[in-house]
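*Asks:* Take this structure, written in structure tokens, and hold onto it; I'll ask about it next.
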Amino acid sequence: MARLLLIFLLNFSINSGSSNYVSPQEYFGESYDEALKYCRINQREISRYCFQFQIDPKVASSVIFPELIRYNRFRDMMETTALELAYVSMGADVADFSIGYFQMKPSFIEKLEREIQNFPEIFSQFPEIPKYPNDFSESQIRNERISRLKKNEWQLKYLVCFVKIATEKYSEEILTHQNETLMILSSAYNAGLESNYEHLKSISNTKTFPYGNRFTGRFSYFDVANYYYTNHSNQIFQKP
């Protein structure tokens with residue numbers, strides 16, 4: 001009798017644990033579905049940019065998919081006018097904030113503009129990214145950067161450029177850990193190109209999405225990117 005009770009309790013524990021799993025799609029609900037809708041509506045444009053620069057749109061869309069959820073989840077709370085003015089006047093050290101569907105920050109673009117100049121071949125493909133009129137002041141450049149970030153075309157351009165730079169920058173790690181390519185790229189998008197492999201690996205297991213480092217969540221950024229990549233990206237993006 002005791003043995004049967006033990007077996008019952010073990011089975012109950014295992015089954016209860018498995019039934020407690022909630023997928024990102026279930027957990028984020030409408031925000032997840034809206035993110036899927038964005039990918040479907042913009043499938044052609046995303047694919048065009050990606051194929052033009054030999055990037056897999058399934059990977060690129062997975063890198064930013066968690067941000068699409070974040071955008072849909074918090075867009076009603078976003079009021080950036082005052083932050084935009086502060087950034088234009090004083091820079092990212094004073095005001096740094098997320099913009100648009102891909103939730104890119106001005107500081108993210110500033111780093112991308114600097115980083116691209118370390119990769120001549122990629123720079124030749126995107127010479128317009130770090131380019132501004134010669135007579136622009138710093139505040140005018142920051143204002144133009146904000147203007148670009150508000151345009152879907154520029155965010156796609158920044159995304160594809162980022163994927164190319166990150167793929168090149170972490171080429172040794174990707175070659176060594178080929179099954180971790182999406183982990184590396186999505187975690188670098190989340191944490192920054194200055195991160196080393198160990199840090200990317202660490203944050204890929206840190207459950208802080210979607211609220212950031214000050215709050216523990218159910219998923220890591222990579223968890224969400226990988227779930228979408230595994231379950232939905234192939235349904236949306238096909239090779240031409």
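*Asks:* Which ones in the range 28-83 are closer than 14 Å to residue 238 by Cβ and of a type in the set (Asp, Glu)?
*Replies:* 56
*Asks:* Which residue pairs have Cβ atoms closer than 8 Å, lie 6 or more positions apart in sequence or on different chains, and pair a first residue in the range 97-121 that is touching a residue at least 60 places away in the same chain (Cβ under 8 Å) and part of a loop (DSSP other than H, G, I, E, B) with a second residue that is open to solvent by less than 40 Å² (accessible area, probe 1.4 Å) and not polar (S, T, N, Q)?
*Replies:* Listed pairs, sorted by first residue: 101/38; 101/64; 101/67; 101/68.
Condition check ((1) open to solvent by 60 Å² or more (accessible area, probe 1.4 Å); (2) in a helix (DSSP H, G or I)) across all residues:
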| position | (1), (2) |
| --- | --- |
| 34 | no, yes |
| 49 | no, yes |
| 54 | yes, no |
| 67 | no, yes |
| 71 | no, yes |
| 75 | yes, yes |
| 85 | yes, yes |
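*Asks:* Residue 94 fails exactly one of the following numbered conditions: (1) at pLDDT below 95; (2) touching a strand residue (DSSP E or B) at 6+ places or on another chain (Cβ under 7 Å). What is the number of that condition?
*Replies:* For residue 94, the failing item is (2).
*Asks:* Look at residue 173 and say whether it is acidic (Asp, Glu) and touching a residue at least 12 places away in the same chain (Cβ under 8 Å).
*Replies:* On the way: acidic (Asp, Glu): yes; touching a residue at least 12 places away in the same chain (Cβ under 8 Å): yes.
In short, yes.
*Asks:* Here are the criteria: (1) among the aliphatic types (A, V, I, L, M); (2) under 22 Å from residue 194 (Cα atoms); (3) assigned to a helix (DSSP H, G or I). Tell me which single one residue 141 does not satisfy.
*Replies:* Unmet condition: (2).
*Asks:* Please find, within the range 104-150, the residue that is least open to solvent (accessible area, probe 1.4 Å) out of those that are among the aromatic types (Phe, Trp, Tyr) and within 28 Å of residue 171 (Cβ to Cβ).
*Replies:* Step one: of the range 104-150, the residues among the aromatic types (Phe, Trp, Tyr) are 108, 119, 123, 126, 132, 136.
Those left that are additionally within 28 Å of residue 171 (Cβ to Cβ): 108, 119, 123, 126.
Values: 108: 39, 119: 36, 123: 74, 126: 2 Å².
Here the answer is 126.
The values are calculated or read from the model by the stated rules, or taken from the named source; none is laboratory data. This one's a predicted model, so the numbers in the text were calculated from it and none came from an experiment. So basically every Cβ, Gly included, is an ideal-geometry build from the backbone, and we count neighbours across all protein chains shown. The accessibility values were calculated without ligands, DNA or RNA, using every heavy atom of the protein model including side chains. Shrake-Rupley method; radii C 1.70, N 1.55, O 1.52, S 1.80 Å.
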